[in-house]
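Here is the structure we will look at.
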Amino acid sequence: MRALLLGRWLRAGPGPPRVPPRPESRHRGNGGNGGHGPLRQKVSVEVLDHLEHLALVDFRDSEGVERLHKAIQFADQLHEVNTDGVELMDSVLEDRCLYLREDDVTEGNCTKELLENAREKVEEYFVAPPGNIPLPKLEERETFLQGS
Amino acid sequence: LAPWAPVVGLEIHAQISSNSKLFSGSQVQFAAPPNSLVSFFDASLPGTLPVLNRRCVEAAVMTGLALNCSINKKSLFDRKHYFYADLPAGYQITQQRVPIAVNGCLSYSLCIDSKMSQMVTKTVRIKQIQLEQDSGKSLHDDTRSQTLVDLNRAGVGLMEVVMEPDVCCGEEAAAAVRELQLILQTLGSSQAVMAEGQLRVDANVSVHHPGEPYGVRTEVKNINSIRFLAKAIDYEIQRQIEELENGGTILNETRAFDSKLGCTVPMRDKEGKQDYRFMPEPNLPPLILYDTKSLPANMNHQQVINIDWIHERLPDLPSVKRKKLVEKYGILPEHSFTLLNEDGLAEFFESVVKRTQMKPKKVIGWILNDLLSYLKQHSLTVKESPVSSFLLGDLLNLLEKKEISSTAAKQVFAELWKGEGKTPLEIVKEQKLGLLQDQKELEQICQAVIDGQENE
């Protein structure tokens, strides 16, 4: 995969994405394995912890982490194809027409229905904690990742 | 001591003026009952999908063209992930990789001195314009330690205008944003009223010594008016300079402007550097725009956006309007700025000019000095003026025909301001302000005065 363009100076977001253009220590034309060969690089505890913070997923146990490794291996098969000079495709919808809707009001006015889902409400407002409750640091969490 | 060069990069979010939201059919409306303008998609209920609003695309194209941008005929949508109670999906649909418009510029003017007699033109480069969703609104209830969430605003279309760091102080930033505001209002792509949150500005501020690399920047948010924008930026520049001169360092942080204290403070609840995990929006194909050359033959008209068609229908931008006023009426450029700066004032002026024989160059004085100062004193808009353009026109005619003196005219104007429904002529008669034109009568009066003197 060709690396995506850099983030901009003004953005609060990250710079270049963390997906390397080529995975380290991989030789081309490995073929035949179909992605079931041994994983060349394990995912570090720091990255797993980072993922748990970002996506609020819980890998829970070694089986969960192993599943992640298998998913990466599966996706790595993409690197076995030579894509030099081929334009990046990021959506199978790229040939479809993006449908444009007319600017008419056709929805809304269903406050009651929406609030039915809310565990807590105050006068037709949803109630949320005062701010984001950050995931505690690795040392303070009860996660199997500790001591990995 | 080496001079400091401040650097300011503005990020402006303008709410698109449309009936419905960017990706759903719920209504766009300020101050409606909470959660009444929310569709299932806006609430991020499973099974809902985004459907792009044509009007929002047109608004972004208009704005891009008005700001001299290149319009990308193919632009893409992405997801920007972060968790917050007013973002029910956990991500915002935006255009991070290929936005709808890039590489434009905005020209604005500044007064060199406080007398507004000399103006200088500056430009700021526009990096890009992108379409994105607005989030809902959070009301913080600190006493009960909870946040109340209203999703009426969630999904409203925004145009994010990203500027290059070409601005160097609060005054420039204020002037640039004001001009952008006028352009958006002229186009109708956004009503751009800051007080209603339709125009939000964040400022990235840093300082450095000329010739050296840029310094660490801070992001200043929570700026609610153009006046506060200038204050916030100037305060932050000063703060950074003082900090650095005292041997301190600048943290790359987000700060909020406290308008009561007139200073910036670090924002709580910012969890360090965010990783937004940008990814292509899988539910939206690329947005394709056409021009007259590339227009496909057999496509449904409603599904096609023609950039050239939009370009042809752009209204006169403020800079063009000002030029026309100066050329047509012989007024000064500074005057044209003031005319366009007040909503409805230019139209009022033109209406008075039509009604009176007085030369526009003289009329402008009455508009800018008398009418405008009265309006400001009473905090009224032009539309609320108790003196209509017709009444003022009639008054100026009396003055022009020398039926009253200019002092008397000012008195009549003050009387008209009371809005009691009297015409200028009626007031002149009532208060006996008419100039005597009759030579004989004048001689008699003078003679009587002289005679009176002799008798003493």
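Tabulated data
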item: The stretch A:102-148, subset surrounded by 14 or more Cβ atoms within 10 Å (Cβ to Cβ) and among the basic types (Lys, Arg), residue nearest to B:PHE41 (Cα to Cα); result: A:LYS121
item: Odd one out for B:GLN198, checked against (1) surrounded by fewer than 20 Cβ atoms within 10 Å (Cβ to Cβ); (2) in contact (Cβ under 8 Å) with a residue 24 or more places away in the chain; (3) not basic (Lys, Arg); result: (1)
item: Among (1) touching a strand residue (DSSP E or B) at 6+ places or on another chain (Cβ under 6 Å); (2) surrounded by fewer than 20 Cβ atoms within 10 Å (Cβ to Cβ); (3) facing chain A (nearest Cβ under 7 Å), the one test that B:SER39 misses; result: (2)
item: Residue satisfying all of: in the stretch B:425-441; assigned to a helix (DSSP H, G or I) and loosely packed, with under 13 Cβ neighbours inside 10 Å; farthest from the chain's Cα centre (by Cα) among these; result: B:LYS440
item: Residue match in the stretch A:100-118 (condition: more than 9 Å from chain B (Cβ to nearest Cβ) and either at pLDDT below 90 or touching a His at 6+ places or on another chain (Cβ under 9 Å) (or both)); result: no
item: Where a residue in the stretch B:84-98 is within 13 Å of B:PRO50 (Cβ to Cβ) and in contact (Cβ under 8 Å) with a residue 40 or more places away in the chain and its partner, wherever it lies, is buried (at least 20 other Cβ atoms within 10 Å of the Cβ) and aromatic (Phe, Trp, Tyr), with Cβ under 6 Å and at least six apart; result: B:ILE93/B:PHE77
item: Qualifying residue in the stretch A:72-88 (condition: within 14 Å of another protein chain (Cβ to nearest Cβ), among the hydrophobic types (A, V, I, L, M, F, W, C), within 27 Å of B:SER75 (Cβ to Cβ) and part of a loop (DSSP other than H, G, I, E, B)); result: yes
item: Count of the stretch B:151-173 residues which are part of a strand (DSSP E or B) and surrounded by 24 or more Cβ atoms within 10 Å (Cβ to Cβ); result: 6
item: Residues that are within 22 Å of B:LEU182 (Cβ to Cβ) and in a loop (DSSP other than H, G, I, E, B), drawn from the stretch B:74-113; result: B:ILE100, B:ILE112
item: Criterion: open to solvent by 50 Å² or more (accessible area, probe 1.4 Å), within 11 Å of chain A (Cβ to nearest Cβ) and part of a strand (DSSP E or B) - qualifying residue of B:LEU148, B:LEU139; result: B:LEU139
item: Long-range neighbours under 7 Å by Cβ, at least six apart or interchain, first residue at positive phi within the stretch A:123-146, second among the hydroxyl-bearing types (Ser, Thr, Tyr) and modelled with pLDDT of 75 or more; result: A:GLU124/A:THR111
item: Test result for B:GLN377, touching a helix residue (DSSP H, G or I) at 6+ places or on another chain (Cβ under 7 Å) and open to solvent by 60 Å² or more (accessible area, probe 1.4 Å); result: no
item: Any chance A:TYR99 is among the aromatic types (Phe, Trp, Tyr) and exposed (fewer than 14 other Cβ atoms within 10 Å of the Cβ); result: yes
item: The stretch B:235-262 residues that are assigned by the TED database to the domain that holds B:ARG200, paired with ones that are surrounded by fewer than 17 Cβ atoms within 10 Å (Cβ to Cβ) and part of a helix (DSSP H, G or I) (beta carbon under 8 Å, 6 or more apart); result: B:THR249/B:GLU243; B:ILE250/B:GLU243
item: Output for the stretch A:49-71, where each listed residue is touching a residue at least 60 places away in the same chain (Cβ under 8 Å) and assigned to a loop (DSSP other than H, G, I, E, B); result: A:LEU56, A:ASP58, A:PHE59, A:ARG60, A:ASP61
item: Residues that are assigned to a strand (DSSP E or B), within 26 Å of B:PRO285 (Cβ to Cβ) and of a type in the set (D, E, K, R), drawn from the stretch A:89-138; result: A:ARG101, A:GLU107
item: Residue match in the stretch B:235-249 (condition: of a type outside the set (Phe, Trp, Tyr), closer than 30 Å to B:VAL156 by Cα and open to solvent by 80 Å² or more (accessible area, probe 1.4 Å)); result: no
item: Residue count for the stretch B:1-16, restricted to those that are open to solvent by 30 Å² or more (accessible area, probe 1.4 Å) and outside any strand (DSSP E or B); result: 4
item: Residue in the stretch B:263-274 that is touching a residue at least 40 places away in the same chain (Cβ under 8 Å), open to solvent by 50 Å² or more (accessible area, probe 1.4 Å) and in contact with a Ser or Thr (Cβ under 9 Å, 6 or more places away or on another chain) present; result: yes
item: Count - residues of the stretch B:10-56 that are over 26 Å from B:ASP202 (Cα atoms) and aromatic (Phe, Trp, Tyr); result: 2
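For every residue, the table says whether it meets (1) crowded, with 18+ Cβ neighbours inside 10 Å; (2) in contact with an Asp or Glu (Cβ under 6 Å, 6 or more places away or on another chain).
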position	(1), (2)
B:VAL57	yes, no
B:THR63	yes, no
B:PHE77	yes, yes
B:LYS80	yes, no
B:ASP86	yes, no
B:VAL98	no, no
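For every residue, the table says whether it meets (1) more than 30 Å from B:LEU184 (Cβ to Cβ); (2) at pLDDT 90 or above; (3) open to solvent by less than 40 Å² (accessible area, probe 1.4 Å).
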{"site": "B:PHE349", "(1), (2), (3)": "no, yes, yes"}
{"site": "B:VAL382", "(1), (2), (3)": "no, yes, yes"}
{"site": "B:SER388", "(1), (2), (3)": "no, yes, no"}
{"site": "B:LEU399", "(1), (2), (3)": "yes, no, yes"}
{"site": "B:VAL412", "(1), (2), (3)": "yes, no, yes"}
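For (1) touching a Lys or Arg at 6+ places or on another chain (Cβ under 7 Å); (2) at pLDDT below 95; (3) over 30 Å from B:LEU314 (Cα atoms), each residue gets a yes or a no:
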residue	(1), (2), (3)
B:GLN27	no, no, no
B:VAL38	no, no, yes
B:PHE41	no, no, yes
B:VAL61	no, no, no
B:PHE77	no, no, no
B:TYR84	no, yes, yes
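The values are calculated or read from the model by the stated rules, or taken from the named source; none is laboratory data. Note that the structure is a prediction, hence the values are computed from the model and not measured. No Cβ is skipped: glycine too gets one built from the backbone with ideal geometry, and neighbour counts run over all protein chains shown. What goes into the accessible areas is simple: the full protein's heavy atoms, side chains included, and nothing from ligands, DNA or RNA. Shrake-Rupley method; radii C 1.70, N 1.55, O 1.52, S 1.80 Å.
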